[in-house]
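S.K.: Shown below is the structure under consideration.
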Amino acid sequence: MTEQFKMDAPATERRLDDMAQGLVGAPLDRPEGPLKVTGTATYANEWQVDGMAHGVMVRAPGNSGRVVLSNRDAVVKMPGVLSVIQDDRLLRNPAQGTANEAPIQGPQHVAYLGQLIAVVVAESFEQARHAAQALDVTLENGEPVPVDPETAAVEPQEGQALDQGDLEAAMSAAENSVDVVYTTPSHSSSPMEPHASIATWEGDDLILRGSYQMLKYNRNELADSLGIHPDRVRVISPYVGGGFGSKLGLAPEAVAAAIAAKEVGRPVSVALLRPQVYEATMRRSETRQRLRLAADADGRLSGFGHDARVSNLPGETFAEPVLQASHFLYASANRKMSLDLARLHRLCAGSVRAPGEAVGVTIVENAMDELAHAAGIDPVELRLRNIPEKDPESGKEYSSRRFRKALQGGAEAFGWNDRPGVKERRDGDWMIGYGMASAARVNILKESQARVTLRPDGTARVETDMTDIGTGTYAILGQIAGEMLGLPRDKVDVVLGDTDLPPASGSGGSWGASSSGTSVYLACEAIRRQLADRLEVDERDLLLKDAQATYANKTTALTDVLRGDEIAKVGHVLPGDTSDAVRQATFGAYFAEVGVHAATGETRVRRMHGSFAAGRILNAKTARSQCLGGMTFGIGMALTEELAFDPRDGHVANHNLAEYHIPVNADVPQLTVELLEERDDWASPLQAKGIGELGICGAAAAITNAIFNATGVRVRDYPATLDKVIAGL
Ligand code: MOS
């Protein structure tokens, strides 16, 4: 029943190129789109469960000390209140699954200001919120704790350090060099849909409905947090209103809902309030990055140094992998890299929108721009001269890499030749500049399973616990099944987001489409073999199109081949040797034109282009949308986005959509995206690589480099807000 396949060798057959239905790659609409725009897709907090009570979480007012709820008895007696729950399991990071472990700071001890420490449950949401506001939280025996990465103690991440050749010698001998320090602030995932969970116990079995990215893992995390077996937990999440990393692991409300539902003996719904999303879900670490580039007169790199400092709470393991693409993007014989992790008491740092490359490639690309300027070499030409033949550290081949084409084609599409000199072009009060940057992101294949059922009526169903976090999973998996089985798109339905279905890769790290898509492909291959057996032909000679099978000059309706039977197969892909045998990554290039107002320093992005290569594109529309989203994140990162911490206590000062400035329509000009044709045989049998996050990995640098071109001002402290630009004008 299960087709298991391990990716141990390149898939050179490229079978999808020979299928007849013509669905894969086509810019097809999302089948669930009408549900979403008519408000009938059920998002996390919209489930109505009989007898449901409401929980509202309560935050810690300080960053250290033991939690005391001094008026708890009075709050419990407030109208409608069912329970006030303070439980150590709320204080742990549920994403790490830490059953039976005390919180990092000790029993009942908080770790940061804003941490969610209790949940108040009431008949209605309003009663719960009112009671939560009335609850008096104090912290006993708190001690001063570090909150500033500049002064906090750091732990060198030994596993990340690299010292190859002699960077210092290369720097002294270089004809052109840069040695610069940039900083990027913390970012919030800031999904439109707040984190929300509804927990229902049926005896010892728990059903959790909500908004999550990786159900198989989330189920284990919840079981681990509660100390129960994962078989007792079912997680349901058909629609996700954005996650961007903050829903990879469970957020605090999921554990709170489960504990509260047990306590009050009724289903409980807990949604984070908007400020709580900013204060208590994963942040991207702020970074401090030093880039050292040494080059000869022609700009060929002889030295590449990248030293970064990031931060997290004491005891947390995640360290923003800033150096990830620095290892393979550019050639250079002498290389030195290091990553330090500062331990401090800001909210937990974790994966946010392309962890590592989003900020790492951005600063590399700023430094490359500085080098291009210092050496008097065109920035595109400088990149082209430094594309390594093989992975510069391991000597491995690249699995596929249309980097050169992205740079050259992107430059042409944008009209890069028309680039003005620094501070040379004006349009009235606006100083005009062009900037560019490379894009790069690692590619990952993850274990994934899906069941495909070909039904007697010639329709098919795809089932997996995969999620669609806005990325287009429903569309893509249906396209792959339709392509392989020769069915029009509307003859395939796709059911996602339920751990009762075969466990998938989940959505994260750009691996979702290629991993879960491969499992669907494998299941369909097995179904094709069974159909071929029935027709007594070789499966390779079977052409399936429009629900008809053509073979040996005959054409038969699929329904006749099925003769009333259904065929169900599970596809199961496992990563294998190809993950390690070659360097697998995606590449691209960004080009931006900005106007900087000469009097106010305000930057407006006037136009922006991205060219990207990520293997086979499975759906040209949803892939393009991912790139548009990434470039939009880049505009935010460049100009406005910053999670601001109070230096006294480390609390998030701008915990709402009004003050945490993500770009809105008026900030985003017409963006253009070119997707380059590519096949990556090493990545998966689909020859597809991940494209979800590629569009943000370096995007902000194209804009800040354009600001330099317009004004001669380098803002090395992101974001490039107008006060920083004007200070340099
Ligand atoms: Mo992503 S930040 O791995 O959801």
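S.K.: When the residues of the range 231-265 are narrowed to those that are aliphatic (A, V, I, L, M) and within 16 Å of the ligand (Cβ to nearest atom), which ends up surrounded by the fewest Cβ atoms within 10 Å (Cβ to Cβ)? Outline the logic, then answer.
M.R.: From the range 231-265, those aliphatic (A, V, I, L, M) are 233, 235-236, 240, 248, 250-251, 254-261, 264; that's our starting set.
Then keep just the ones that are within 16 Å of the ligand (Cβ to nearest atom); that gives 240, 248, 250-251.
On the way: VAL240: 24, LEU248: 26, LEU250: 30, ALA251: 30.
My answer is VAL240.
S.K.: I need a count of the residues in the range 235-277 that are part of a helix (DSSP H, G or I), among the charged types (D, E, K, R) and in contact with a Gly (Cβ under 6 Å, 6 or more places away or on another chain).
M.R.: Start the filter on the range 235-277 by keeping residues that are part of a helix (DSSP H, G or I), which leaves 252-264, 274-277.
Next, only the ones that are among the charged types (D, E, K, R) stay: 253, 262-263, 274.
Among the residues that remain, those that are also in contact with a Gly (Cβ under 6 Å, 6 or more places away or on another chain) are: none.
Residues flagged as part of a helix (DSSP H, G or I), among the charged types (D, E, K, R) and in contact with a Gly (Cβ under 6 Å, 6 or more places away or on another chain) within the range 235-277 amount to 0.
S.K.: Here's something else I'd like to know. Which is over 14 Å from ASN705 (Cβ atoms) and in contact with a strand residue (DSSP E or B) (Cβ under 8 Å, 6 or more places away or on another chain), of GLY409, GLY428?
M.R.: Values: GLY428 fails: in contact with a strand residue (DSSP E or B) (Cβ under 8 Å, 6 or more places away or on another chain).
Testing whether each residue is over 14 Å from ASN705 (Cβ atoms) and in contact with a strand residue (DSSP E or B) (Cβ under 8 Å, 6 or more places away or on another chain) leaves just GLY409.
S.K.: Looking at the range 358-376 only, could you name the residues that are out of contact with any Leu (no Cβ under 8 Å at 6 or more places or on another chain), in contact (Cβ under 8 Å) with a residue 60 or more places away in the chain and of a type outside the set (Asp, Glu)?
M.R.: ALA358, VAL359, THR362, HIS373, ALA374
S.K.: Since TRP201 meets every condition but one in (1) open to solvent by 20 Å² or more (accessible area, probe 1.4 Å); (2) more than 21 Å from LEU116 (Cα to Cα); (3) touching an Asp or Glu at 6+ places or on another chain (Cβ under 9 Å), which condition does it not meet?
M.R.: (3)
S.K.: Another question, if that's okay. Just one of the numbered conditions (1) over 30 Å from ALA280 (Cα atoms); (2) open to solvent by less than 10 Å² (accessible area, probe 1.4 Å); (3) of a type in the set (Gly, Ala, Ser) is not true of ALA349; which one?
M.R.: Against the list (1) over 30 Å from ALA280 (Cα atoms); (2) open to solvent by less than 10 Å² (accessible area, probe 1.4 Å); (3) of a type in the set (Gly, Ala, Ser), ALA349 comes up short only on (1).
S.K.: Hey, another quick one. Just one of ASP50, ASP18 is surrounded by fewer than 13 Cβ atoms within 10 Å (Cβ to Cβ), of a type outside the set (Val, Ile, Thr) and in the same structural domain as CYS524 (by TED's automatic domain parsing); which is it?
M.R.: On the way: ASP50 fails: in the same structural domain as CYS524 (by TED's automatic domain parsing).
Exactly one of ASP50, ASP18 is surrounded by fewer than 13 Cβ atoms within 10 Å (Cβ to Cβ), of a type outside the set (Val, Ile, Thr) and in the same structural domain as CYS524 (by TED's automatic domain parsing), namely ASP18.
S.K.: Output the residue which, of all residues in the range 647-693 that are open to solvent by 50 Å² or more (accessible area, probe 1.4 Å) and small (Gly, Ala, Ser), is nearest to SER186 (Cα to Cα).
M.R.: In this case the residue turns out to be ALA653.
S.K.: If I go through the range 206-230 residue by residue, how many of them are more than 13 Å from LEU248 (Cα to Cα), in contact (Cβ under 8 Å) with a residue 40 or more places away in the chain and open to solvent by 10 Å² or more (accessible area, probe 1.4 Å)?
M.R.: 4
S.K.: Looking at the structure I just gave you, is SER190 in the same structural domain as HIS54 (by TED's automatic domain parsing), surrounded by 19 or more Cβ atoms within 10 Å (Cβ to Cβ) and more than 23 Å from ALA95 (Cβ to Cβ)? Break it down stepwise before answering.
M.R.: On the way: in the same structural domain as HIS54 (by TED's automatic domain parsing): yes; surrounded by 19 or more Cβ atoms within 10 Å (Cβ to Cβ): yes; more than 23 Å from ALA95 (Cβ to Cβ): no.
Spelling it out, it is not the case that SER190 is in the same structural domain as HIS54 (by TED's automatic domain parsing), surrounded by 19 or more Cβ atoms within 10 Å (Cβ to Cβ) and more than 23 Å from ALA95 (Cβ to Cβ).
S.K.: Report every pair of residues separated by at least 6 positions or lying on different chains whose Cβ atoms are under 8 Å apart, first residue within the range 597-612 and at positive phi, second at pLDDT below 95.
M.R.: Hits for this filter: GLY601/LEU729.
S.K.: Got a number for residues in the range 219-230 being closer than 17 Å to LEU91 by Cα and either within 16 Å of the ligand (Cβ to nearest atom) or part of a loop (DSSP other than H, G, I, E, B) (or both)?
M.R.: From the range 219-230, those closer than 17 Å to LEU91 by Cα are 221-227; that's our starting set.
Next, from what is left, pick out any that are either within 16 Å of the ligand (Cβ to nearest atom) or part of a loop (DSSP other than H, G, I, E, B) (or both): 221, 227.
Looking only at that region, the number is 2.
S.K.: Could you grab me the full set of residues in the range 293-326 that are surrounded by fewer than 22 Cβ atoms within 10 Å (Cβ to Cβ), without any contact (Cβ under 8 Å) to a residue 40 or more places away in the chain and in a loop (DSSP other than H, G, I, E, B)?
M.R.: Of everything in the range 293-326, just one residue is surrounded by fewer than 22 Cβ atoms within 10 Å (Cβ to Cβ), without any contact (Cβ under 8 Å) to a residue 40 or more places away in the chain and in a loop (DSSP other than H, G, I, E, B), namely PHE318.
S.K.: Taking the range 21-47 on its own, how many of its residues are under 30 Å from VAL119 (Cα atoms), part of a loop (DSSP other than H, G, I, E, B), open to solvent by less than 50 Å² (accessible area, probe 1.4 Å) and of a type in the set (Gly, Ala, Ser)?
M.R.: 1
S.K.: Okay, moving on. Please determine, by comparing only the residues of the range 460-477 that are within 16 Å of the ligand (Cβ to nearest atom) and over 12 Å from GLY497 (Cβ atoms), which one is surrounded by the fewest Cβ atoms within 10 Å (Cβ to Cβ).
M.R.: So the first thing to find is which residues in the range 460-477 are within 16 Å of the ligand (Cβ to nearest atom), and the list is 466-473.
Filter once more, keeping what is over 12 Å from GLY497 (Cβ atoms): 470-472.
Values: GLY470: 23, THR471: 26, GLY472: 26.
Residue satisfying both the conditions and the ranking: GLY470.
S.K.: Which residues, counting only those in the range 565-613, are among the basic types (Lys, Arg) and over 24 Å from the mean Cα position of the chain (by Cα)? Spell out the reasoning first.
M.R.: First, the residues of the range 565-613 that are among the basic types (Lys, Arg): 569, 583, 604, 606-607.
Matches in the range 565-613: LYS569, ARG604, ARG606, ARG607.
Residues are listed down the side, and each one gets a yes or a no for (1) open to solvent by 20 Å² or more (accessible area, probe 1.4 Å); (2) in a strand (DSSP E or B); (3) within 23 Å of LEU729 (Cβ to Cβ):
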{"residue": "ASN366", "(1), (2), (3)": "no, no, yes"}
{"residue": "LEU371", "(1), (2), (3)": "no, no, no"}
{"residue": "GLU381", "(1), (2), (3)": "yes, no, no"}
{"residue": "GLU389", "(1), (2), (3)": "yes, no, no"}
{"residue": "GLY421", "(1), (2), (3)": "yes, no, yes"}
{"residue": "ILE432", "(1), (2), (3)": "no, yes, yes"}
{"residue": "SER438", "(1), (2), (3)": "no, yes, no"}
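Okay, residues lined up against (1) at pLDDT below 95; (2) crowded, with 21+ Cβ neighbours inside 10 Å; (3) farther than 20 Å from GLN324 by Cβ; (4) of a type outside the set (A, V, I, L, M, F, W, C):
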{"residue": "PRO146", "(1), (2), (3), (4)": "no, no, yes, yes"}
{"residue": "GLU155", "(1), (2), (3), (4)": "no, no, no, yes"}
{"residue": "GLY159", "(1), (2), (3), (4)": "yes, no, no, yes"}
{"residue": "LEU162", "(1), (2), (3), (4)": "no, no, no, no"}
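S.K.: Another question, if that's okay. Just to be sure before I move on: is LEU329 open to solvent by less than 10 Å² (accessible area, probe 1.4 Å), more than 16 Å from the ligand (Cβ to nearest atom) and not assigned by TED's automatic domain parsing to the domain that holds GLN213 in the structure I sent?
M.R.: On the way: open to solvent by less than 10 Å² (accessible area, probe 1.4 Å): yes; more than 16 Å from the ligand (Cβ to nearest atom): yes; not assigned by TED's automatic domain parsing to the domain that holds GLN213: no.
No: the conditions fail for LEU329.
S.K.: Here is a further query. Looking only at the range 705-719, decide whether some residue is in a helix (DSSP H, G or I) and among the charged types (D, E, K, R).
M.R.: No, every residue in the range 705-719 fails to be in a helix (DSSP H, G or I) and among the charged types (D, E, K, R).
S.K.: Just name the residue that is most open to solvent (accessible area, probe 1.4 Å) out of those in the range 442-455 that are farther than 20 Å from GLN479 by Cα and touching a Gly at 6+ places or on another chain (Cβ under 7 Å).
M.R.: Across the range 442-455, the extreme among qualifying residues is ILE444.
S.K.: A follow-up question, please. Given (1) within 16 Å of the ligand (Cβ to nearest atom); (2) of a type in the set (A, V, I, L, M); (3) open to solvent by 10 Å² or more (accessible area, probe 1.4 Å), where does ALA504 come up short, assuming only one miss?
M.R.: (3)
The values are calculated or read from the model by the stated rules, or taken from the named source; none is laboratory data. Note that the structure is predicted; figures quoted are calculated from it, not measured. Glycine gets a Cβ as well: all are built from the backbone with ideal geometry, and neighbour counts include every protein chain shown. To get the accessible areas, we keep the full protein, side chains included, count just its heavy atoms, and leave off ligands, DNA and RNA. Shrake-Rupley method; radii C 1.70, N 1.55, O 1.52, S 1.80 Å.
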